[in-house]
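Engineer: Right, I'll just put the structure down here and ask away after.
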Amino acid sequence: MTPSEIFDSMRARWLANLPTCEADSLADDVVIETPFAAPGRPTRTEGKQRVLEYTQAGRAVFPVRFDDCRNVVVHETADPEVIVVEYELVGTHTATGVTASAPFIGVLRTRDGKLAHWREYQHTLAIAQAVGQA
């Protein structure tokens, strides 16, 4: 898969309220980074099994249903295996019914058609406000 196809798959999974990744789309040594993660959350997760466990557990307890992924802009880079993606996720808190959105930037690297590295920059304050933690 190309980097854009992998991002499209991730976006489809978010909107289906599934974990971000599925096993067959990940390189064995995949790395997921969220440098601005909320306190208590990891900023780096390495390896296919750990990434799957982390994303499955996170989706299971995150009290938001994603309704839209909008304002998507994909920036190609000089490296055909790397894209930079700007996007905004819109979601509804499943307990309160409040809808909110947050902007993100992701850097996605593939290797042999699989996700090798995903670095996501999150607006953690907007996310915390959306889930009532700010």
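Engineer: Extension gain Arg50-Val74, at 0.36 nm per residue separation less the Cα-Cα distance, in nm?
Structural biologist: 5.9 nm
Engineer: Would you indicate which of [x] 57, 25, 10; [y] 24, 16, 14; [z] 35, 17, 10 is the value of semi-axes √(5λ) of the Cα gyration tensor in Å derived from the coordinates of this structure?
Structural biologist: Comparing each candidate, only [y] matches the computed number.
Engineer: Using only Cα atoms, tell me the angle between helix 48-61 and the longest principal axis of the chain; keep it within 0 to 90° and round to the nearest 10.
Structural biologist: Compared with the principal axis, the helix lies near 20 degrees.
Engineer: Sticking with this structure for a sec: Counting Lys and Arg as +1 and Asp and Glu as -1, what is the net charge of the other residues whose Cβ lies under 12 Å from the Cβ of Tyr121?
Structural biologist: Residues near Tyr121 contribute -2 overall.
Engineer: In addition: Under the rule of -39500 (n - 2.57) per DSSP H run of 4 or more residues, summed and divided by the residues of the chain, what mean residue ellipticity at 222 nm is obtained, to the nearest 500 deg cm²/dmol?
Structural biologist: Here the helix-only value at 222 nm equals -7500 deg cm²/dmol.
Engineer: Can you tell me the length gained on complete extension of the stretch Asp28 to Phe62, counting 0.36 nm per residue apart and subtracting the Cα distance?
Structural biologist: Extra length from Asp28 to Phe62 when fully extended: 9.7 nm.
All of the numbers you see were taken from the coordinates with simple rules; none came from a lab. No experiment lies behind these values; they were computed from the predicted model shown. With ideal geometry, Cβ positions are generated from the backbone for all residues, glycine too; neighbour counts draw on all protein chains shown.
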